[in-house]
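So the structure is just underneath, and the comments pick up after that.
Only the coordinates and a few stated rules stand behind these numbers; no lab work does. Keep in mind that this is a model prediction, so the values were computed, not measured.
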């Protein structure tokens, strides 16, 4: 990708992309005097910065990703990826490894995982690089790279811990809501991350934690995602 392509992809100006690349803040390299970027590196760069982005900035990223890949942006994305049995409330775990294992096992029970042990290892290794706890109470564990051959379809598994689990949040707080994200390709992965980041504010997190059961949680998520789409 060249600078104009990255700018369109991320909904940024050419000037901002050029400045970030020149400062070494956006991963790229010069080829014959012009910056070139690998899409996977750009996706990872965005992913690590999502927790600090504004709602409008996340919407711009969604729009850019959807346009780049010819995807429909104004359609439910997250909730349709949660399979039957994919909401664990409560999540039966007290440690980070146990939480990851329970989430993966739920996906396995839904027939979505070909190699449960490998997926657990991939998610654990990603957490060892940097915690996916993105704020008070919420974590988005996922493998570092898409797994096109190891899962049957892209999916999201949600787990709610009533007591909270230490999961590496920067402020040291316990994580109570987990959303395991596993996608078959980078475009879906980045799109899902941006959509979830837009959906979850303090009010949504509180509503999910107060919901009585799995079906009530699904209803909260459906309503919130619909509200996000209604503003576009």
Degrees separating the helix 116-129 axis from the principal Cα axis of the chain, which is the longest one: 60
Translational D in µm²/s for the range 96-232 (Stokes-Einstein at 25 °C, 0.890 mPa s, Kirkwood Rh from C-alpha pairs): 161
Residue with peak Gaussian network fluctuation, the chain [Cα springs, cutoff 10 Å], from 112, 26, 58: 26
Per-residue [θ]222 nm for the chain (sum of -39500 (n - 2.57) over DSSP H runs n ≥ 4, rounded to 500): -15000 deg cm²/dmol
Gaussian network model of the chain, springs between alpha carbon atoms under 10 Å - residue of 138, 193, 118 with greatest fluctuation: 118
Cα-based shape type of the range 166-227, given that a ≥ b ≥ c are square roots of the gyration tensor eigenvalues and the cut on a/c is 1.5: oblate
For the range 1-55: rounded, prolate or oblate by the Cα gyration tensor [a/c cutoff 1.5]: prolate
Label of the coordinate-derived value, Cα extents along the principal axes in Å, listed as [x] 55, 38, 35; [y] 68, 38, 30; [z] 51, 40, 39: [x]
